[in-house]
């Protein structure tokens, strides 16, 4: 889908509010960075990773993306830090780390 | 031809919903519910009305189901009362904030404890600030008329807000009065088909009910507030069109024999008719009195109220609800607030009575007028006066 540059919340006046605050464009979340309230982030250990793609499959927010090298890494613009990828990884290649430590 | 029939207000409201050809009714049938959903269920079951009747497991679910129904553009109706409205409370806000033009009748009842399902306005006052258009009916004809009118106004593309039609539990909801029912053709002329411009549709996906972070919530609420206030224009237009078709005209503030009156009494709901009889009796004795029946509750009719009280010296406000620990009944607070910054305003006296099904007679309203005049002249140590309470009431102090 073609991404349009959306106004951020702080650009909008009350007159810009849609009736009932409806979001008329589907998939508009991809145009906004939604991962800014994450408290933990997944760190991938490429030594352990077998490229099985289970993390990519299980990520509830479709925030895990394949890299050119064939690994799977979280897009931190969207990752909420839920830890499902770390939990599902059969070889424990993903560890959740406190955001504050980064 | 229209016909004149005997109907209780509950059946009159059900008839209005049927003639409005509602698509979806979601309601919870257990006490404190009234005959409205019961009658509609019959109509659906016997083929008088082609609609989806959703029997849910609570009032919270009833209004939640209505959200979904309105979101796809179906004409949606529900009814509740008393504690049922309280259980709905969370969703009452959601309906107005998402701008779904649901019509809901509320047969006003007391709130427990002590356990009561009898009539007063406590349930209505608890949803005062929920962002719905709200009107109070005086009699069964109004219960029919306002229910029909509610669809016309709420569904208007310039409004898109839910409408709550209040009428008194028992004294109207369960009492038979003559009601003039119009012809279907007249109703169809008054009420166009509902066209909801943002109906959910898989072919054109959109999001209803998105998250509102702090950088957008305040703007969203202001937009909602302006929308409710702007609906007044359509409200008035709707009543004008209603009158032009059905011959009965309604005002936000009904002034009854107020011309030149020094003392005015303000009431809401069915007791307004009783109070009118009291005003008539006082007028016959040469007293300078008149009655204001406040019909439109939200958006509040400031202009019309200020206009009608302009020449009065005393304004008595009667509430069927206590605002515990507050300055008076909720209606009284609103009226005083609406007039506070006026250069010339009447002295306000607040009364509370008619709680939990306690009847208010013509004589009681006669007492309110007499005692109200006395309080206006001599003052009172109490923030509000009560009527019909056994034992002298003292201790309602600021």
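Any residue at all in the stretch B:298-307 that's on the phi > 0 side of the Ramachandran plot and either crowded, with 24+ Cβ neighbours inside 10 Å or at pLDDT 95 or above (or both)? Within the stretch B:298-307, none of the residues are on the phi > 0 side of the Ramachandran plot and either crowded, with 24+ Cβ neighbours inside 10 Å or at pLDDT 95 or above (or both). Could you list all residues from the stretch B:159-199 that are part of a loop (DSSP other than H, G, I, E, B), more than 14 Å from chain A (Cβ to nearest Cβ) and in contact with a strand residue (DSSP E or B) (Cβ under 7 Å, 6 or more places away or on another chain)? Correct list: B:169, B:173, B:174, B:175. Say whether the condition of being in contact with a strand residue (DSSP E or B) (Cβ under 7 Å, 6 or more places away or on another chain) and within 14 Å of chain B (Cβ to nearest Cβ) is met by at least one residue in the stretch A:49-69. No: zero hits. Of the residues making up the stretch B:34-47, at least one is part of a loop (DSSP other than H, G, I, E, B), touching a residue at least 60 places away in the same chain (Cβ under 8 Å) and under 20 Å from residue B:81 (Cα atoms). Does residue B:335 meet the test of being over 20 Å from residue B:295 (Cα atoms), touching a helix residue (DSSP H, G or I) at 6+ places or on another chain (Cβ under 8 Å), part of a helix (DSSP H, G or I) and touching a residue at least 24 places away in the same chain (Cβ under 8 Å)? Answer is no for this residue. The set of residues in the stretch A:37-66 being surrounded by 12 or more Cβ atoms within 10 Å (Cβ to Cβ), outside any strand (DSSP E or B) and either at positive phi or free of Cβ contacts under 8 Å to residues at least 12 places away in the same chain (or both) consists of A:51, A:53.
Residues in the stretch A:9-36 that are at negative phi, in a helix (DSSP H, G or I) and either within 7 Å of chain B (Cβ to nearest Cβ) or at pLDDT below 90 (or both): A:9, A:10, A:11, A:14, A:19, A:28, A:29, A:30, A:31. Checking the structure you have, find out if any residue of the stretch B:200-214 is within 14 Å of chain A (Cβ to nearest Cβ), farther than 28 Å from residue B:39 by Cα, assigned to a loop (DSSP other than H, G, I, E, B) and touching a strand residue (DSSP E or B) at 6+ places or on another chain (Cβ under 7 Å). Looking for residues that are within 14 Å of chain A (Cβ to nearest Cβ), farther than 28 Å from residue B:39 by Cα, assigned to a loop (DSSP other than H, G, I, E, B) and touching a strand residue (DSSP E or B) at 6+ places or on another chain (Cβ under 7 Å), one finds at least one in the stretch B:200-214, hence yes.
Taking the stretch B:267-277 as the range and being touching a helix residue (DSSP H, G or I) at 6+ places or on another chain (Cβ under 7 Å) and surrounded by fewer than 24 Cβ atoms within 10 Å (Cβ to Cβ) as the test, the residues that pass are B:274, B:277. Just one of the listed residues (B:210, B:199) is over 28 Å from residue B:274 (Cα atoms) and in contact (Cβ under 8 Å) with a residue 40 or more places away in the chain, namely B:199. Which numbered condition in (1) part of a helix (DSSP H, G or I); (2) free of Cβ contacts under 8 Å to residues at least 60 places away in the same chain is the only one that residue B:15 fails? Unmet for residue B:15, out of (1) part of a helix (DSSP H, G or I); (2) free of Cβ contacts under 8 Å to residues at least 60 places away in the same chain: (2). The condition (being outside the structural domain of residue B:129 (by TED's automatic domain parsing) and in contact with a helix residue (DSSP H, G or I) (Cβ under 8 Å, 6 or more places away or on another chain)) is satisfied by just one residue among B:200, B:172, B:161, B:228: B:200.
Against the conditions (1) in contact (Cβ under 8 Å) with a residue 12 or more places away in the chain; (2) more than 27 Å from residue B:359 (Cα to Cα); (3) surrounded by fewer than 17 Cβ atoms within 10 Å (Cβ to Cβ), residue B:240 satisfies every one except (1). Does the stretch B:243-254 contain at least one residue that is touching a residue at least 60 places away in the same chain (Cβ under 8 Å), within 14 Å of chain A (Cβ to nearest Cβ) and either outside any loop (DSSP other than H, G, I, E, B) or loosely packed, with under 14 Cβ neighbours inside 10 Å (or both)? Looking through the stretch B:243-254, none of the residues is touching a residue at least 60 places away in the same chain (Cβ under 8 Å), within 14 Å of chain A (Cβ to nearest Cβ) and either outside any loop (DSSP other than H, G, I, E, B) or loosely packed, with under 14 Cβ neighbours inside 10 Å (or both).
The values are calculated or read from the model by the stated rules, or taken from the named source; none is laboratory data. Predicted, not measured: the structure shown is a model, and the values here were computed from it. Here Cβ is always computed from backbone atoms with ideal geometry, including for glycine, and neighbour counts include all displayed protein chains.
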